[in-house]
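*Asks:* Mind having a look at this structure? Questions to follow.
The values are calculated or read from the model by the stated rules, or taken from the named source; none is laboratory data. The structure presented is a predicted model; accordingly, all values stated were derived computationally and were not measured. Positions of Cβ are backbone-derived with ideal geometry, glycine not excepted, and every protein chain shown enters the neighbour counts. What goes into the accessible areas is simple: the full protein's heavy atoms, side chains included, and nothing from ligands, DNA or RNA. Shrake-Rupley method; radii C 1.70, N 1.55, O 1.52, S 1.80 Å.
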Amino acid sequence: MTTMRASAALLLVAAAVLAAVRAEDPYHFFDWKVTYGTRTIMDVAQKVMLINDMFPGPTINCSSNNNIVVNVFNQLDHPLLFNWHGIQQRKNSWMDGMPGTNCPIQPGTNWTYKWQPKDQIGTFFYFPSMGMQRAAGGYGIITVHSRLLIPVPFDEPAGDYPVLVGDWYTKDHTVLAKNLDAGKSIGRPAGLVINGKNEKDASNPPMYTMEAGKVYRFRVCNVGIKTSLNVRIQGHSLKLVEMEGSHTVQNSYDSLDVHVAQCVSFLVTADQKPGDYLLVASTRFLKEYSAITAIVRYNGSNTPASPKLPEGPSGWAWSINQWRSFRWNLTASAARPNPQGSYHYGQINITRTIKLCTSKGKVDGKERFALNGVSHVDDAQTPLKLAEYFNASSGVFEYNLIGDVPPATTVPQKLAPNVISAEFRTFIEVVFENPEKSIDSFHINGYAFFAAGMGPGIWTPECRKTYNLLDTVSRHTIQVYPRSWTAVMLTFDNAGMWNIRSNMWERYYLGAQLYVSVVSPARSLRDEYNMPEIALRCGKVVGLPMPPSYLPA
């Protein structure tokens, strides 16, 4: 009897261990060798950033909460970081991969990122975040699927296709950076690329195939650095189903505007006469029009695509009206942001309004961009997050050099690390104002937000009467039209140091960014992870003792 009880106990222990092992979310491991290679993209042989000799880089295909482990071997001649654009890195800004949060991976070394798309689904992308490296390639798509037990509000498509499209420069990224440092502009892009290919290569062989009668998902990300795009497919309707991690109301469109660093998913039904059709991406809001096409072929087709491209929209009004038509699918069962335990963001009291106004000016005779009068510069040695964590911020940065209201336009710009603090778990309204003649696009790392309103001119509290307080799409990147404003609302419940930036990389590089420090007063592991033991150290924190651990949750 004693032996049987012992055996039963052992079986129970074994079952418990097995259950614990099974309870952990699956792991996906990647080894990335990052190098430069020569590619001819715009009829010019140039240096391109490759990952495992690929451009674009490998797809990260996973499900919600999976553990992603990426071992990056930097074989470039420059320091390297990767940002996982739109992945919220809950409690884990240690893996955010921005110059203000992480020490760079030095040439000839490797370092491993480990993160989870915690409670997230949808379409995202990664890119190199140091300097102007983003203009050299090194980007790829991240697809996060719902877990098997969570229903998706559309049937499984017959195919799932990436469309990484954006503007492209033939100048080396180091040359672009030197031009900006010298006070020059990066100028106009040489053209557009789609999945790393030019117009000719995108159509031979066909990039996408469809079988008549079936439905396909196209995931489009604007991975460029300057240019808004419009995307459409000859003869086919685009049914929008997902936008930057949120299921949308499934409206159908002839075409969709996709601004810099934004991602959308749409379904296409192969309901036309079998043949070849053109997926078209064309520039928006520019005097010089540019377009790129890729062939979508029905299986067995020998009918060439019509050379007549479907016309794209014109004007700003069309674009803003399309944005107003986007709606969050409130009935979909899926991982999604849940501020203060409620989807009813319009009923949460705003505790603070931060108005961030972009400005352009000269500092020491060179053009800079600023937010509320401060043009951000990264500390050359010590990332802001590390300086804060080790209580070594003195001499690295000061908090709140800017106020919640932009200064008078006559106030000269100041160069400094631009760091603001936000009270943990407060619901805050952030208003982006763009006084420039060209469009802007803003992103907040670590969060999804509700883009509640946008309009022309200068924002005032009266503008709140125009907000959508019911079902605007929860997302992480939003456009700001010329001489206009956009207001977003979010709960700052993700402790860490997070980058808020213009996605127009010229503006970003010249200072149109800042960091927001969100500190949990409880210093609890419930709110933020400790700095990993493997985290790289640099600058002032080298050799310092590790700070006391956060308290157990």
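*Asks:* With a 1.4 Å probe and all protein chains left in place, how much of the accessible area of region 157-323 comes from carbon and sulfur atoms, in whole percent?
*Replies:* Carbon-and-sulfur percentage of accessible area, whole number: 50.
*Asks:* Give, rounded to the nearest 20 debye, the magnitude of the charge dipole that region 244-345 has about its Cα centre when Lys and Arg contribute +1 at Cβ and Asp and Glu contribute -1 at Cβ.
*Replies:* 100 debye
*Asks:* Still on this model: Rounded, prolate or oblate: pick one for region 81-240, where a ≥ b ≥ c are the square roots of the eigenvalues of its C-alpha gyration tensor, a/c under 1.5 means rounded, and failing that, prolate if a/b is larger than b/c, else oblate.
*Replies:* It is oblate, given that a/c is not under 1.5 and a/b is not larger than b/c.
*Asks:* Also, quick follow-up: I want to check the label-to-label distance for Gln272 and Lys184. Put each point 7 Å from Cα in the C-beta direction and report it in nm to one decimal.
*Replies:* Placing both labels 7 Å along Cα→Cβ, they lie 4.2 nm apart.
*Asks:* Compute the accessible area per residue over the chain, keeping the other protein chains in place, probe 1.4 Å, unit Å².
*Replies:* I get 41 Å² per residue for this part.
*Asks:* Would you mind finding the longest exposed-site-free stretch of the chain, with exposed trypsin sites (Lys or Arg not before Pro) meaning DSSP loop and at most 11 other Cβ atoms within 10 Å?
*Replies:* 1-199
*Asks:* Carbon-plus-sulfur fraction of the accessible area of region 399-467, 1.4 Å probe, in percent?
*Replies:* Taking all protein chains in place, region 399-467 shows 60 percent carbon and sulfur surface.
*Asks:* Can you name the helices of the chain, as whole DSSP H runs, whose Cα span along the helix axis is 15 Å or more and whose Kyte-Doolittle mean is not below -1.0?
*Replies:* Result, helices passing both filters: 2-23.
*Asks:* Based on alpha-carbon centroids, what's the gap between region 257-322 and region 96-125 in Å, whole number please?
*Replies:* 32 Å
*Asks:* Continuing with this model, one more query. Can you pull out the GluC sites (Glu not before Pro) in region 465-534 that DSSP calls coil and that have at most 12 other Cβ atoms within 10 Å?
*Replies:* Glu533
*Asks:* Once Lys and Arg get +1 and Asp and Glu get -1 on their Cβ, which of Pro456, His376, Leu386 lies farthest toward the positive end of the dipole of region 343-516?
*Replies:* Pro456
*Asks:* For the chain, can you list the cysteines whose C-beta has no other cysteine C-beta under 4.7 Å from it?
*Replies:* Within the chain, the cysteines lacking a partner Cβ under 4.7 Å are Cys62, Cys357, Cys463.
*Asks:* Still on this structure: At what distance in angstrom do the alpha carbon centres of region 177-227 and region 380-448 lie from each other?
*Replies:* Distance between centres, Cα-based: 31 Å.
*Asks:* Add +1 for every Lys or Arg and -1 for every Asp or Glu among the other residues with Cβ under 13 Å from the Cβ of Gly300, and state the total.
*Replies:* Local charge sum for Gly300: 0.
*Asks:* Which chymotrypsin sites (Phe, Trp or Tyr not before Pro) in region 233-312 sit in a loop by DSSP (not H, G, I, E or B) and have at most 11 other Cβ atoms within 10 Å of their own Cβ?
*Replies:* Tyr289
*Asks:* How large is the charge dipole for region 403-553, taken about the Cα centre, if only the Cβ atoms of Lys, Arg (+1) and Asp, Glu (-1) carry charge, to the nearest 20 debye?
*Replies:* That gives a dipole near 220 debye.
*Asks:* As a test of the formula, what do you get for the chain when each DSSP H run with n ≥ 4 contributes -39,500 (n - 2.57) and the sum is divided by the residue count, at 222 nm and rounded to the nearest 500 deg cm²/dmol?
*Replies:* Result for the chain, helices only: -3000 deg cm²/dmol.
*Asks:* Mind checking which aspartates and glutamates have their C-alpha under 16 Å from Lys239, skipping anything on the same chain fewer than 8 residues away?
*Replies:* Asp155, Glu156, Asp160, Asp254, Asp257, Asp271
*Asks:* Additional query: How large is the dipole of the chain about the Cα centre if only Lys and Arg carry +1 and Asp and Glu carry -1, each at its Cβ, rounded to the nearest 20 debye?
*Replies:* Charge dipole of the chain: 300 debye, to the nearest 20.
*Asks:* Sequence neighbours fewer than 8 away in the same chain don't count; with that in mind, list the aspartates and glutamates whose C-alpha is under 16 Å from Lys360.
*Replies:* Answer for Lys360, where 16 Å is the Cα cut-off: Asp181, Glu433, Glu436, Asp440, Glu506, listed by chain and number.
*Asks:* Please work out how many pairs of lysine residues in region 25-143 are eight or more positions apart (or on different chains) and have Cα atoms closer than 22 angstrom.
*Replies:* 4
*Asks:* Based on DSSP, what percent of beta bridges with both residues in the chain are antiparallel, to the nearest 5?
*Replies:* Antiparallel: roughly 70 percent of the beta bridges in the chain.
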